[in-house]
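Asker: Dropping the structure in here first, questions after.
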Amino acid sequence: MLRGVLAGLLAGALWGLVFVAPRMVAGLPPVDFAAGRFLAYGLVALVVVGFNRRPLPTARQALAAAGLSVLGFTGYYLLLVLAIRDAGTEVPALVIGTIPIWVMLLGKPGHLRWRALVPALVLTAAGLALMMALPADAGARPHFWRGILMATASLAAWTAFALLNSAWLKRHPGVNATDWANWLGLATGAGALLMWAVAGSGVAALRAHPQAGFFLALCLATGFGSAWLATILWNVASQRLPASLSGQLIVSETLFALAYSFAWDGAWPSAAQWAAVAMFTLGIVASIRAHRE
């Protein structure tokens, strides 16, 4: 269990980077960030599969990877980037932070009593309640609530991905976590290429952007670390832990996203935000203890 928990926490640390990355380069459409990140993920997966001679998926496995890649990668992240554009970083990160509650409720093992999960649920909900006060600049954002709607849609997509991906891996214990991450990467890269071809900026526009080099570096960093490596770590967690516990570990993504956002803005969290972080952390600990009983 410890290895699964550590893998889930590290995946959260890497995923948290994608919340602040779209704010680092101004003037590019959200689809460019989503497509660039996942094209990099697909290229990494292609290199690993080709050079290490990893097995290719069967037709049914490829179809499963294609469907899950939309839910957990291209569709989810495009919605999230649109939400960050309209509502900023903090509130969409907190909307996504409710994923543990939904995954815990929908993915609870049959032997685990609801009473055992109450402390973790209460702590997580209390932390979210503290953090969900509207930011001071919400009124200055004309499309703030549209951003919240986009964040909610991305929440639904990733919740479905977490449950379906965990169930698929448990039904196929012979599939290596790294191989599955690579197959998801190939499907995601193909979807990202289609997304960019349909709605992305042209090559000339990207090259002319004053931060083109930095944008490329961000795409490579988040494609390798926040997509390929984080997916391997999450697959390890999904194979070793019940869905209700692995879902609770997604709280770490929110915590890291907030930490990166505060660092980028050069601001310190308020007392209420520190209290919320403590409640999130205690919620993880309470969930781990509940699953050990």
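Laboratory data are not the source of any read-out in this text; all were calculated from the coordinates shown. Treat the numbers as computed from the prediction; the structure is a model and nothing was measured. Note that each Cβ is placed from the backbone with ideal geometry, even for glycine, and that neighbours are counted across all protein chains shown.
Asker: Using 1/(1 + (r/R0)^6) with R0 = 41 angstrom and r between the beta carbons of Asn176 and Leu216, what's the FRET efficiency to the nearest 0.05? Write out the running numbers ahead of the final one.
Answerer: Details: r = 30 Å, r/R0 = 0.74.
My answer for the efficiency is 0.85.
Asker: Another one. Considering the options His143, Gly283, Ala237, tell which one lies farthest towards the positive end of the dipole of segment 2-292, charges being +1 on Lys and Arg and -1 on Asp and Glu at the Cβ, about the Cα centre.
Answerer: Ranked along the dipole, the leading option is Ala237.
Asker: Calculate the all-directions average of the projected area of segment 1-154's alpha-carbon convex hull, and give it in nm².
Answerer: 12.2 nm²
Asker: Which entry in (1) 18.6, 58; (2) 23.9, 78; (3) 19.9, 68 is this structure's computed Rg and Dmax of the Cα atoms in Å?
Answerer: Computing Rg and Dmax of the Cα atoms in Å and matching it to (1) 18.6, 58; (2) 23.9, 78; (3) 19.9, 68 gives (1).
Asker: Taking only DSSP H segments of four or more residues, each worth -39500 (n - 2.57), what value at 222 nm results for the chain once the sum is divided by all its residues, to the nearest 500 deg cm²/dmol?
Answerer: Mean residue ellipticity at 222 nm (helix-derived): -24500 deg cm²/dmol.
Asker: Would you calculate the separation in nanometres between label points at Leu164 and Ala26, each defined as 7 Å from the Cα along the Cα-to-beta-carbon direction?
Answerer: Inter-label distance under the simple model: 3.8 nm.
Asker: How big is D, in µm² s⁻¹, for segment 157-293 by Stokes-Einstein at 4 °C and 1.567 mPa s if Rh is the Kirkwood radius over C-alpha pairs?
Answerer: Values: Rh = 17.8 Å.
Once the numbers are plugged in, D ends up at 73 µm²/s.
Asker: How do the peptides 164-174, 27-37 rank, highest first, by the average count of neighbouring beta carbon atoms within 10 Å per residue?
Answerer: Sorting 164-174, 27-37 by mean packing, highest first, produces 27-37, 164-174.
Asker: Residue-wise, which Karplus ³J(HN,Hα) couplings in Hz belong to segment 147-163, taking 6.51 cos²θ - 1.76 cosθ + 1.60, θ = phi - 60°, and x for glycine or proline?
Answerer: So the J values, rounded to whole Hz, are x, 5, 4, 4, 5, 5, 5, 5, 4, 4, 5, 6, 4, 4, 4, 4, 6.
Asker: Suppose each label sits 7 Å from its Cα in the direction of the beta carbon; what would the Phe262-Ala197 distance come out to in nanometres?
Answerer: 4.5 nm
Asker: Taking the Cα centre of the chain as origin, work out the dipole magnitude from +1 charges on Lys and Arg Cβ and -1 charges on Asp and Glu Cβ, in debye rounded to 20.
Answerer: 780 debye
Asker: Where Lys and Arg each count +1 and Asp and Glu each count -1, what net charge lies around Leu216 among other residues with Cβ under 12 Å from its Cβ?
Answerer: Numbers: positive: Arg37, Arg207; negative: Asp32.
Combined, the nearby Lys, Arg, Asp and Glu give +1.
Asker: Working out 0.36 nm times the residue gap between Ala272 and Leu56, then minus their Cα-Cα distance, what length gain in nm do you get to one decimal? Can you show the working numbers first?
Answerer: Numbers: separation 216, 0.36 × 216 = 77.76 nm, distance 4.91 nm.
Fully extending the segment from Ala272 to Leu56 adds 72.8 nm.
Asker: Can you tell me the order of 1-10, 56-65 when each peptide is scored by its average per-residue count of other Cβ atoms within 10 angstrom, highest first?
Answerer: Result, highest mean Cβ count within 10 Å first: 1-10, 56-65.
Asker: Identify the residues of segment 239-282 with backbone N under 18 Å of a label point that sits 7 angstrom from the Cα of Ala129 along the Cα-to-Cβ direction, or state none.
Answerer: 271-282
Asker: Moving on. I'd like the Karplus ³J(HN,Hα) series for segment 107-119: coefficients 6.51, -1.76, 1.60, θ = phi - 60°, whole numbers in Hz, and an x wherever there's a Gly or Pro.
Answerer: For segment 107-119, the Karplus-derived couplings read x, 5, x, x, 7, 8, 6, 4, 4, 5, 8, 4, x Hz, x marking Gly and Pro.
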